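Data block below; observations after.
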Amino acid sequence: MARTANPRPPAPRRVRLLIATRKGLWTLTGDATRRVWKLAGPQFLGNIVHHAVLDPRDGKTMLAAARTGHLGPTVFRSVDGGKSWKEARKPPAFAADSGRVVDHTFWLAPGHASQPGVWYAGTSPQGLFRSEDGGATWEGVAGFNAHPQRKAWCGGDQDGTPDGPKLHSILIDPRDPTHMYFGMSSGGVFESTDGGADWHPLNAGVRADFQPNPDIEYGHDPHCVQFAGGNPDRLYQQNHCGIFRLDRPATRWQDIGTGMPKSVGYVGFPMVPHPHDANTAWVFPMDGTDVWPRISPGGKPAAYRTRDGGKSWKRQAVGMPKTQAWWTVKRQAMTADAFPTAGVYFGTTSGEIWGSRDEGRTWKCLAAHLPHIYAVETA
């Protein structure tokens, strides 16, 4: 039977942003015009929140991945839209005899629409976990965590990623719950066609310039991987070594970062596809030199949008600071809403939320003075 994509959802009546930060979780809610916004929070004040996600299948269940001072790395669950929270009875954790310990849960992803209650989580160091009870208890996905190639794929148990290796960008094909992808920093992009029982690398065409041999099967550094809006046979990838696109059933990624200005480069963290147009996507470049922590190139931040699948890119910075703005945007901290004319939003390492009502043509600061922002998701 041929697989078909889900139909376009109706336009939302409002926008709610879930803002995960170094010191807690905030929400920012906008009305139907996306002109009036209300900030609420914090929740989990003083604790690191790496990711917070609303379950689109019921519209009220929320999960938050947190690293707390007293509980350590854990996951919190709300069934009332974030009014109250309970800690997972059994958060993601490696087997006791594995020799590995979860430092933090980094990525949360709702399962397939046909599997209510199923969630996936990616951790640091790289591990894949699954919950079948809405996030209350978690088990390791043995098809990856115990795979005989896992250690090689992950680069052994050592990794040069400054804030720790991560498994992220967990994608479930909306047409087939057994078809999945994820990204690893480091490691690369991997695919499963049997519900996670087995995995294989999917990195042909992606450069790994930091490796002795840049043309390798695995060992890459994808920063963010996403389905194109309305077309799960197209994947976009923001990588440490470029911007790439994959059109299935092909297995070789195309380099689409060559159209970026040389003075800006192609290095960035987030990748945001348009919710309805598979040819449109946004990236947010950062200084790709040896400056760390990362900053905007030359202190002049800007988003870049493609409307032709990556053949060309246009700078979008109207309303942003023109100079002396040295923040950047992390891989989970940029998103888009589902309005017909999409709104685009990002959070900065200096604690600001910026938004655009017109697909990036103009920008406005919606909130400021928050802690360092790790993730922004629309709810």
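Laid out as a table, the results:
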| quantity | calculated |
| --- | --- |
| Residue in the stretch 153-167 that is in contact with a strand residue (DSSP E or B) (Cβ under 6 Å, 6 or more places away or on another chain) and closer than 30 Å to residue 60 by Cβ present | yes |
| Count of residues meeting criterion [among the polar types (S, T, N, Q) and either at pLDDT below 95 or touching a helix residue (DSSP H, G or I) at 6+ places or on another chain (Cβ under 6 Å) (or both)] in the stretch 256-281 | 2 |
| Selection within the stretch 76-111 - more than 13 Å from residue 63 (Cβ to Cβ), more than 21 Å from the chain's Cα centre (by Cα) and assigned to a strand (DSSP E or B) | 90 |
| Near pairs, Cβ below 6 angstrom, 6+ apart or cross-chain, from the stretch 264-288 (without any contact (Cβ under 8 Å) to a residue 40 or more places away in the chain) to any residue that is surrounded by fewer than 24 Cβ atoms within 10 Å (Cβ to Cβ) and in a strand (DSSP E or B) | 266/242 |
| Subset tally (residues that are modelled with pLDDT of 95 or more, surrounded by fewer than 18 Cβ atoms within 10 Å (Cβ to Cβ) and over 30 Å from residue 103 (Cα atoms)) for the stretch 14-30 | 1 |
| Single match in 229, 242, 219 (criterion: free of Cβ contacts under 8 Å to residues at least 40 places away in the same chain, farther than 17 Å from residue 128 by Cα and surrounded by 17 or more Cβ atoms within 10 Å (Cβ to Cβ)) | 242 |
| Those residues of the stretch 331-348 which are in contact with a Pro (Cβ under 7 Å, 6 or more places away or on another chain) and either part of a loop (DSSP other than H, G, I, E, B) or surrounded by fewer than 22 Cβ atoms within 10 Å (Cβ to Cβ) (or both), in sequence order | 331, 333, 337, 338, 339, 342 |
| Members of the stretch 298-329 found to be acidic (Asp, Glu) and at positive phi, listed by number | none |
| Answer residue from the stretch 89-108, given it is hydrophobic (A, V, I, L, M, F, W, C) and within 18 Å of residue 131 (Cα to Cα) and is modelled with the lowest pLDDT among those | 95 |
| Candidate set: the stretch 1-13, residues that are farther than 14 Å from residue 357 by Cβ and among the aliphatic types (A, V, I, L, M); chosen: the one modelled with the highest pLDDT | 5 |
| The stretch 349-379: number of residues that are out of contact with any Phe, Trp or Tyr (no Cβ under 6 Å at 6 or more places or on another chain) and not in a loop (DSSP other than H, G, I, E, B) | 8 |
| Residue in the stretch 83-96 that is surrounded by 14 or more Cβ atoms within 10 Å (Cβ to Cβ), in contact with a Pro (Cβ under 9 Å, 6 or more places away or on another chain) and hydrophobic (A, V, I, L, M, F, W, C) present | yes |
| Output for the stretch 23-42, where each listed residue is of a type in the set (D, E, K, R) and without any contact (Cβ under 8 Å) to a residue 12 or more places away in the chain | 38 |
| Residue that is among the charged types (D, E, K, R), buried (at least 16 other Cβ atoms within 10 Å of the Cβ) and closer than 28 Å to residue 358 by Cα, where the choices are 35, 77, 67, 57 | 57 |
| Residue that is farthest from residue 203 (Cα to Cα) [pool: residues in the stretch 245-264 that are assigned to a loop (DSSP other than H, G, I, E, B) and touching a strand residue (DSSP E or B) at 6+ places or on another chain (Cβ under 6 Å)] | 264 |
| Those residues of the stretch 166-210 which are within 24 Å of residue 101 (Cα to Cα) and at pLDDT below 95, in sequence order | 185, 186 |
| Selected residue (criterion: surrounded by the fewest Cβ atoms within 10 Å (Cβ to Cβ)) from residues of the stretch 116-134 that are touching a Pro at 6+ places or on another chain (Cβ under 6 Å) and in a loop (DSSP other than H, G, I, E, B) | 125 |
| Residue within the stretch 312-324 that is in a strand (DSSP E or B), aliphatic (A, V, I, L, M), within 21 Å of residue 28 (Cα to Cα) and at pLDDT 95 or above present | no |
| Qualifying positions in the stretch 321-379 - within 25 Å of residue 32 (Cβ to Cβ), without any contact (Cβ under 8 Å) to a residue 24 or more places away in the chain and in contact with a Lys or Arg (Cβ under 9 Å, 6 or more places away or on another chain) | 341 |
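The values are calculated or read from the model by the stated rules, or taken from the named source; none is laboratory data. Predicted model only: the values in this text are computed from it and were never measured. Note that each Cβ is placed from the backbone with ideal geometry, even for glycine, and that neighbours are counted across all protein chains shown.
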